[in-house]
Each structure stands twice: as structure tokens, then as C-alpha cells.
Amino acid sequence: MRALTRCRRTQKEKTSDFRLSRFVAVLLLSIAPWQPVRAAADGALAAEQGVVAFRAGDYQAALRSFLDALGAGLDTPGLRYNLGVTYYRLGRHAEAEREFQALAPDPRWAPLARYNLGLTAQRAGRPQQAMEYYGDAHRTTTDPNLRALAATALERLGGAAPSPETSAVISLAGGYDSNATLSPDAATVGVSHQGDRFVEALAVVTHRLAGDTARGWVAHGGLVLRRYGDLHQFDVTGSRAGLSYERDSGRVQSGIGAYFDTAYVGGDRLEQVASLDAQVSWRLDAGHELRGRYQLGHIAGGGGFEYLDGWQQRLSADAGFASASSLVRVGYQLELNNRRDLQQGADFLSSSPTRHSLFASVALRNLGGWQADARGEYRVSRYNDPDRLDGGTLEITRKDKRYGLSLRANRPLTALWRAFIDTSYYRNESNLDTYDYSRYQLMIGIEAALEK
């Protein structure tokens with residue numbers, strides 16, 4: 001899952017930020033909890049009149065009503081917060097800061113108070129202090145909307161949203177696979193042409209070993225288990241371990257890592273992959289982003305899969321375009337393979353394709369409470385050496401075309417858990433009929449994202 005903008009502080013953008021701050025202030029005032037606990041009736045009435053005046057844009061009248069409520073004995077965090085927001089709207093930043101500082105020790109109000117302290121510091125010309133407040137709000141809030149606001153404010157100041165020291169995702173799902181295969185790369189190792197139901201469990205964890213958000217060493221680990229109802233020979237166990245060094249200088253993010261992946265199918269080892277992975281992204285103005293990635297992997301096939309031994313390289317680039325409600329990406333990937341290939345007597349089968357892929361994706365942030373990601377892909381493959389079939393009497397170079405579409409949607413259930421649905425369809429067409437296949441998968445489950 002990062003915001004894309006790192007904007008220069010032109011006069012136009014400062015005006016835009018000010019308008020955003022006005023909108024945020026009104027929005028947060030309207031959603032802030034109101035706690036007139038055992039207050040005098042006239043104090044509660046004055047506070048309500050203040051909210052009405054604020055929403056009408058009459059901030060002087062709102063301030064008078066809130067101060068009347070305070071004088072009547074209604075001294076609650078909600079009233080203090082409303083006073084702070086009103087002072088901020090009137091340009092009385094010192095008084096606004098005083099009210100928000102008073103709320104900061106209260107753990108229920110601390111994230112919202114720190115976010116508003118960031119707004120106040122920013123308007124007072126203290127950008128570094130504003131970034132610290134925004135970072136605190138981003139790190140401590142459990143409200144995804146406030147976290148997004150803090151991340152956006154950080155990026156407008158040229159900073160990066162702080163990443164947690166440890167993060168993890170766990171999921172449990174069930175589904176149906178129309179064409180079980182030994183590997184996600186079905187075009188290489190073949191398919192079963194048999195469908196079956198399955199259950200799948202996944203766990204992924206990252207931990208920052210040293211450094212901070214700007215630069216540091218990160219450890220990675222992952223485990224996936226898939227068990228079929230009847231086709232147990234296709235049961236999958238996969239694991240990953242890795243170490244990366246990552247940097248974030250504001251507009252540019254980069255990382256380089258080493259990883260070791262192992263895949264078992266039906267209890268037997270399919271392959272082990274040792275790889276290097278280098279990535280870089282550039283944040284541009286107007287919500288745009290460019291990304292590049294290079295991967296180099298050495299593959300060791302298991303027993304019966306020695307023909308997979310060899311090297312694989314992938315080079316990819318994509319561009320991202322963000323709006324208020326969506327993120328669109330378009331990209332290209334080049335894949336080069338140099339494998340041992342399969343020699344059986346006079347017959348020979350190449351397992352070393354050169355592939356070109358075009359892809360596009362769109363992420364929608366709110367569809368009736370759901371977040372959705374859709375991706376389409378078109379891939380052409382040409383194998384490096386011609387296959388020799390029928391005792392070596394027939395020679396033909398394999399060429400494939402693959403079309404794919406996938407969709408994933410999730411919806412929060414609690415602050416920790418969310419439900420998701422994941423579906424995909426792939427169709428491979430080859431000049432060798434034996435490699436034609438289609439595959440449909442549907443998976444429904446729950447997952448939890450943990451941060452520390």
C-alpha cells in the first residue's frame with residue numbers, strides 16, 4: 001500500500017493549503033465528540049449556539065458562545081477543542097495552540113490535538129515543528145481518515161509519513177481454483193486442468209532493525225499455506241526471508257534488498273530462489289509518481305524440476321496518477337530467462353522465455369465503504385530456443401499471449417480486522433495447443449494489519 005505528492009511551496013499552493021486547512025477545520029469541528037457532561041443547561045445551550053455559528057461561518061459569534069459556555073461551567077475537552085479551532089479560524093494562533101496543548105495529554109484527544117498543533121505551527125511559519133506534530137498524529141491515531149490527513153500534510157511540507165518499526169499482515173481465506181497449478185507461473189510448469197476448493201493462510205512481517213524512516217535496515221519474512229480439498233498433490237507451502245536497506249529523502253524513495261524464497265508443492269520442493277531487488281520511486285507534482293524496479297534471481301529447481309535451474313531478470317517501470325478518490329498506474333515489464341531447459345532424449349522443451357508485459361491498475365479509495373483495486377495485464381512471451389518434438393523431427397519456437405484481469409476489494413470490520421474478496425481470470429494462448437489454458441480463482445476471507 002503511500003501518498004504521492006511532494007509539492008513545492010508556490011504561492012498558489014500556499015493558498016490551496018490554506019483552503020484545505022479551512023475545510024479540515026470545519027470538518028473536524030463537525031465530527032469532534034461533544035461532551036457536555038453534567039454541565040449547566042445554559043452552558044450547553046451556549047455551546048450548541050457556538051457550533052451553529054461556526055458552521056455558518058460567523059466565527060466571532062461562535063467564539064463568544066463558546067466562551068459563554070466556558071463561563072457557565074461547561075469545561076470539557078470537546079469545548080476546549082472547539083475553542084482551539086475557532087481561535088485558529090480567527091487567526092489567533094497563540095490562543096489556538098494553548099487550547100490544543102491542553103488537550104494533548106488526554107490520550108483520547110491527543111492525535112487530533114497534535115494534528116491541529118501541526119496546522120497551527122505551519123500557519124505560524126514553523127514547518128519543522130509542524131512536521132513533528134503531524135508525524136505524532138500519524139503514528140498515534142487509530143482513525144484512518146486522520147492518518148490520511150496527517151500523511152498528506154507531511155508530504156506537502158516535504159516530509160515522509162513515519163513508518164512503524166514493526167508491521168504485519170495475517171489473513172485466512174477460502175476459495176475456488178478452476179485450474180490448480182504447480183506454480184503461479186503456470187505457463188512454465190503447466191496446469192492440471194482440474195478445479196478444486198481450497199483454504200489459504202498468509203502471514204507477512206517487516207521489522208526495522210536499525211535507522212529511522214529516512215534511512216534504515218528492514219528485515220522481511222513471509223509464509224503462505226494453501227491446501228486443496230481433493231488435489232493434495234498441488235498443496236502449496238511458500239516462505240520468504242530477506243533484508244533490505246531503504247531510504248526516503250522526500251521526493252525520492254529507494255531500496256535494495258536480498259531475498260530467499262522457497263516453494264513446496266505436495267510436500268516436495270519445487271524451487272528455491274535467491275534474488276536481489278532494487279527499487280526507486282520519484283514523487284512529482286500534482287500527485288504523480290514514477291517508479292522503477294530491477295530484480296535478479298538465481299533459481300534452483302527441486303527434484304524433477306531441474307530444468308527450472310538458471311537465472312531470471314525483471315526490469316519494470318510504471319507511472320502513477322493520483323486524485324482525491326483514486327490512484328491509476330500504467331506500466332511495462334521486461335522479463336529475461338536463461339534456464340537449463342528440459343532435454344528428454346531427442347526431444348527438447350525450452351523453459352527460457354523473454355516476456356513483455358503491459359499493465360494498468362486503478363485503486364478506488366471509497367466505494368460505499370469498500371476499497372477496491374483492479375488490474376489488467378497483457379503479456380507476450382517468446383521462448384529463446386525452438387522446441388524439438390516427436391523424436392526431434394518437429395521443430396517449433398513457442399510463442400504465447402496471456403490476458404489477465406484481477407480485482408480485490410476490502411472493507412473494515414473493526415479497527416484491526418477487515419474482510420476481503422479477491423478474484424482473478426487469466427487466459428493463455430499459445431502456438432502450441434498443449435500450453436493453452438484459462439484459470440479463474442475466487443477467494444473470500446478476513447485479514448488483520450498490525451503496526452507497532
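Can you compute the FRET efficiency between Leu405 and Leu349 using 1/(1 + (r/R0)^6), with r the Cβ-Cβ distance and R0 = 22 Å? Round to the nearest 0.05.
It comes to 0.15.
At 222 nm, what helix-only mean residue ellipticity would the chain give, in deg cm²/dmol to the nearest 500, using -39500 (n - 2.57) for each DSSP H run of four or more?
-8500 deg cm²/dmol
So what's the net charge close to Gly404: Lys and Arg +1, Asp and Glu -1, counting the other residues with Cβ under 10 Å from its Cβ? Write down the numbers at each step before the final one.
Working: positive: Arg375, Arg379, Arg402, Arg427, Arg439; negative: Glu377.
Local charge sum for Gly404: +4.
Sequence-distant or interchain residues sharing an amide H contact under 5 Å with Glu271, placed H: which?
It is Ala263, Gly302, by chain and number.
So, with a 1.4 angstrom probe, what is the percent of accessible area on the stretch 203-249 that is carbon and sulfur?
For the stretch 203-249, the apolar C and S fraction of the accessible surface comes to 61 percent.
If we count every other residue with Cβ under 13 angstrom of Gln49's Cβ, Lys/Arg +1 and Asp/Glu -1, where does the sum land?
Every neighbour counted, the sum reads -2.
Can you give the accessible area of Arg215, probe radius 1.4 Å, in Å² rounded to 10?
120 Å²
So with the 1.4 Å probe, I'd like the accessible area per residue for the chain, rounded to whole Å².
51 Å²
The values are calculated or read from the model by the stated rules, or taken from the named source; none is laboratory data. The model shown is predicted, which means the values in this text are computed figures rather than measured ones. Cβ sites come from the backbone with ideal geometry, for glycine too, and all protein chains shown count toward neighbours. Accessible surface is based on the protein model in full, side chains and every heavy atom, while ligands, DNA and RNA are left aside. Shrake-Rupley method; radii C 1.70, N 1.55, O 1.52, S 1.80 Å.
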